[in-house]
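The values are calculated or read from the model by the stated rules, or taken from the named source; none is laboratory data. Keep in mind it's a predicted model, so treat the numbers as computed, not measured. Here the Cβ positions follow ideal geometry from the backbone for every residue, glycine too, while neighbour counts run over all protein chains shown.
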Amino acid sequence: MPHVDARTIPWTNDGVDESVSLVLYRSMVRIRITEEGIAKLLEQKEIRCPTHLYTGQEAIAAGVCAALDHKDYIFGGHRSHGHYLAKGGDLRALMAELYGKSTGCAGGRGGSMHLVAPEVGLLGTVPLVAATIPIAVGAAMASKLRADQRGALGHPQHPRYRQVRQKSGQWRWEAQLGS
Ligand SMILES: Cc1ncc(C[n+]2csc(CCOP(=O)(O)OP(=O)(O)O)c2C)c(N)n1
């Protein structure tokens with residue numbers, strides 16, 4: 001799946017360039033088809049780990065990940081198959097993780113809610129609600145200190161979000177806190 005760098009997208013009042021729309025659409029369809037396949041496997045009890053599907057939210061992950069630079073960091077919550085795929089995570093490693101295989105993205109130890117793909121900037125998904133907000137701020141802070149210009153995107157779900165947002169603003173770290 002080619003990565004779209006949003007800074008090169010010719011945005012106009014009429015929408016986006018057709019080739020960009022196609023890439024975004026493919027990203028959304030890829031997530032939907034994957035989720036539908038996983039839903040069947042769950043029904044058949046082939047996959048047994050606790051799983052939260054991303055069906056219906058594909059546009060968010062596809063659009064947000066397209067707006068990020070390839071090296072930027074993202075984090076996810078308990079429902080993050082879409083973020084993993086849209087950021088460029090390997091599909092086979094995702095499926096292997098759901099099956100609990102050692103070839104899974106987290107070595108088969110994490111399952112659906114503990115995905116990781118550092119090679120594409122997904123540093124982890126954490127099912128504790130809002131836990132990734134302070135972690136994303138930390139990753140942004142580390143990037144700032146290294147001066148390697150990576151952004152970090154966390155997942156607000158909680159009042160703690162406001163508290164960390166204040167800290168983030170106060171320290172001027174480049175963390176984006178979006179859904
Ligand atoms: C700190 C913490 N408290 C409670 C839970 C239990 N819990 C799991 S999912 C969830 C709701 C999350 O809602 P939302 O962020 O809107 O995501 P959705 O599942 O609706 O996509 C809760 C409260 C948790 N995982 N972590």
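In table form, for the structure just shown:
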{"read-out": "Tabulated pairs, the stretch 22-35, first closer than 13 Å to Thr55 by Cβ, second surrounded by 16 or more Cβ atoms within 10 Å (Cβ to Cβ) and of a type in the set (Asp, Glu), C-beta under 7 angstrom, 6+ apart or interchain", "value": "Met28/Glu58; Ile31/Glu58; Arg32/Glu58"}
{"read-out": "Residue check, Tyr84 over 16 Å from the mean Cα position of the chain (by Cα), closer than 19 Å to Tyr54 by Cα and of a type outside the set (A, V, I, L, M)", "value": "no"}
{"read-out": "Subset of the stretch 109-137 [away from the ligand (no atom under 16 Å from the Cβ) and crowded, with 17+ Cβ neighbours inside 10 Å]", "value": "Val116, Ala117, Val120, Gly121, Leu122, Leu123, Val137"}
{"read-out": "Selection count where residues are in a loop (DSSP other than H, G, I, E, B), within 16 Å of the ligand (Cβ to nearest atom) and farther than 22 Å from Ala140 by Cβ, scope the stretch 79-102", "value": "1"}
{"read-out": "Test for Arg150: is it surrounded by fewer than 20 Cβ atoms within 10 Å (Cβ to Cβ), away from the ligand (no atom under 16 Å from the Cβ), part of a loop (DSSP other than H, G, I, E, B) and modelled with pLDDT of 95 or more", "value": "no"}
